[in-house]
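This report concerns only the one structure given below.
The values are calculated or read from the model by the stated rules, or taken from the named source; none is laboratory data. All figures in this text were calculated on a predicted structure; none of them were measured in a lab. Note that each Cβ is placed from the backbone with ideal geometry, even for glycine, and that neighbours are counted across all protein chains shown. Side chains are part of the model used for accessible areas, which takes the heavy atoms of the whole protein and leaves out ligands, DNA and RNA. Shrake-Rupley method; radii C 1.70, N 1.55, O 1.52, S 1.80 Å.
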Amino acid sequence: MEKSTALSPVEEVHCGARGVPETVGMAALFTGGPPRADALRARVVERWGHLPRLRRVLLPPAPPARLRGHRWLPLDRFDARRHVTVVNAVVNAAVDTVADAADSPGSGDGAAFTALLGRLVTRALPAGLPPWRLTLVRGAGRGRFAVVLTAHHALLDGRSLETLLSHLFDGTPGRGVRRGTGVRAVGALGAAGPDRPRPPAAPGAGPGRALPLPPGLRPRPDLAWTEVDADAVRAARRALPGLGATLNEVLLAAAAGALRTVHGDPDRWPGAPRPLYGSFPVDLRTPQEDRMLGTAVSAVRVPLPVTAADPAERLAACRGALAAFGPLRGGADTVRRAVGAAALLGPWAVRLLASLSCSPGFCPVTCLAFGWPRGPWSLDGRPLERIVPLPPVLAPGTVCLALTDYAGAYTLTAVTHTLPGGARPLAGALTRELALLARWPEPAPGAPGGPARPGPARMSCAGRFAGAIRGTRNGPPR
């Protein structure tokens, strides 16, 4: 047995005093009947059993807890029977383990599956074991089953979730998979034309406006996911001339419009007229660390154009914001430096920084946009149909939105910590915003500033971070 080791500053951030479970996840939907539990456990041991990261137990701080940090205790092995569980989305979604004798395809519907996913991310993982679980879900839909990987965010980030699942499934990443954050080192809306809004001034570190919550109602976590029309996403990405829009830019712009729809006039929100801030994660892995497991993530915080009434203006403003606060102008390095400076004072300072940064007025909106590596992918011959991202529950008064793309199947997940039942209306409003962006007239092919040919324009490599975050946080941006 090895001795325990201290968490990194970034890992300690995800153990901060935030009052949330810090559970992130990713669900893979397959067509066909589910595999047997013992076969899946044997596969997990074969393909994950050698990974030291999955054998770490998270220990609470030693006394005095306020001044000490969490620690990792490495184990010799993990118990597959305790980490790989089987549930039926309809009959008993709360059961942790089902006897192998009951292994047969179950029936189910989308509502029961969604409710199960909500429980998986809104509850903390049990203490005393390595903080990750793989759940085989029977009855995830008609003729479908799901494999859901959840973990404590200090153990795994979104990119790690994708790495683990792709290693568990059958298939290899196809050619042309792009790794990038979608932050471009381009001029301030130079490609968008003179009539587009200019990039806003640097936001600083102060608070902004918060999402409105009616008095007397206690915020509750909620999750909803929905399929998104692929043609609408592609058309929205072509709505900006020049390089075209990244998934991050499209999702941030659609989020700004959806929040206006759900919460009403932004001028009436708490903290107005200060900006409403949103963030997206940035993977800090180098190309040599492409498959590294852990938490190697930072974030970029930008003002969202919630006061702009026109969808095209919101998209252009998001392009300007990402260009203004990209990697060449601080960007995610600002967050990394702040965490590093706090770590010099001690773990207590890191936890204090984490607590302050998740206040509702500081950054109430988080957006994650990423693409699963090209396949095809399968599990014992059962084809992978789509990836459902499971972003974490953030502090009360916040929302987290994630958009994934697997082989042209786009999936949107909303996790809210606002009004009870707030996730479904927000997800619906966001899909409508994407449709509005898709209807915006785009330049004709070959026209100045327009795409050279139909289809999403390829990203420029300039100003991109090496790698892209994969998942929940944690999802990999593009």
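Side notes on the structure shown:
- Restricting the range 336-360 to residues that are open to solvent by 60 Å² or more (accessible area, probe 1.4 Å) and under 24 Å from Leu401 (Cβ atoms), the residue that is modelled with the lowest pLDDT: Arg336
- Flag for Ala316 being part of a helix (DSSP H, G or I), over 16 Å from Leu284 (Cα atoms) and either among the small types (Gly, Ala, Ser) or at pLDDT 90 or above (or both): yes
- Restricting Pro74, Pro63, Pro34 to those that are modelled with pLDDT under 90 and more than 24 Å from the chain's Cα centre (by Cα) reduces the list to Pro63.
- Condition met for Thr135 (closer than 30 Å to Pro61 by Cα, out of contact with any strand residue (DSSP E or B) (no Cβ under 8 Å at 6 or more places or on another chain) and touching a residue at least 12 places away in the same chain (Cβ under 8 Å)): no
- Among residues of the range 293-312, those that are at pLDDT 90 or above, more than 26 Å from Arg439 (Cα to Cα) and open to solvent by 20 Å² or more (accessible area, probe 1.4 Å), counted: 1
- Taking the range 210-222 as the range and being crowded, with 20+ Cβ neighbours inside 10 Å and either within 11 Å of Gly422 (Cα to Cα) or acidic (Asp, Glu) (or both) as the test, the residues that pass are Pro221, Asp222.
- Some residue of the range 267-276 being open to solvent by 40 Å² or more (accessible area, probe 1.4 Å) and touching a His at 6+ places or on another chain (Cβ under 8 Å): no
- Tally of residues being out of contact with any helix residue (DSSP H, G or I) (no Cβ under 8 Å at 6 or more places or on another chain) and surrounded by fewer than 23 Cβ atoms within 10 Å (Cβ to Cβ) across the range 361-378: 5
- Restricted to strands (runs of 3 or more DSSP E) entirely inside the range 381-423, those with at least 1 residues that are small (Gly, Ala, Ser) and open to solvent by less than 10 Å² (accessible area, probe 1.4 Å) are 399-406, 409-418.
- Qualifying residue in the range 77-91 (condition: in a loop (DSSP other than H, G, I, E, B), closer than 20 Å to Leu155 by Cβ and aromatic (Phe, Trp, Tyr)): yes
- Test: residue in the range 243-266 that is without any contact (Cβ under 8 Å) to a residue 60 or more places away in the chain and either open to solvent by 60 Å² or more (accessible area, probe 1.4 Å) or within 22 Å of Arg159 (Cα to Cα) (or both): yes
- Counted residues, the range 424-434 - those being aliphatic (A, V, I, L, M) and surrounded by fewer than 18 Cβ atoms within 10 Å (Cβ to Cβ): 0
- Residue that is surrounded by the fewest Cβ atoms within 10 Å (Cβ to Cβ), among those in the range 149-191 that are modelled with pLDDT under 90 and not in a loop (DSSP other than H, G, I, E, B): Gly190
- Checking the stated criteria, Ala89 turns out to be modelled with pLDDT under 90, under 28 Å from Asp170 (Cα atoms), open to solvent by less than 50 Å² (accessible area, probe 1.4 Å) and in contact with a helix residue (DSSP H, G or I) (Cβ under 6 Å, 6 or more places away or on another chain).
- Test: residue in the range 223-242 that is polar (S, T, N, Q), in a helix (DSSP H, G or I) and open to solvent by 10 Å² or more (accessible area, probe 1.4 Å): no
- If you go through the range 7-52 and pick out every residue that is of a type in the set (Lys, Arg) and touching a Phe, Trp or Tyr at 6+ places or on another chain (Cβ under 9 Å), you end up with 0.
- One residue stands out among those in the range 364-392 that are of a type outside the set (S, T, N, Q) and closer than 18 Å to Val262 by Cβ: the one that is nearest to the chain's Cα centre (by Cα), which is Pro391.
- Looking only at the range 106-148, and only at residues there that are of a type in the set (Val, Ile, Thr), part of a helix (DSSP H, G or I) and open to solvent by less than 30 Å² (accessible area, probe 1.4 Å), the one that is farthest from Ala89 (Cα to Cα): Val121
- Pro281 meets each of the listed conditions (1) open to solvent by 40 Å² or more (accessible area, probe 1.4 Å); (2) in contact (Cβ under 8 Å) with a residue 60 or more places away in the chain; (3) not aliphatic (A, V, I, L, M) apart from (1).
- Selection count where residues are open to solvent by less than 60 Å² (accessible area, probe 1.4 Å), in contact with a strand residue (DSSP E or B) (Cβ under 9 Å, 6 or more places away or on another chain) and assigned to a loop (DSSP other than H, G, I, E, B), scope the range 25-71: 8
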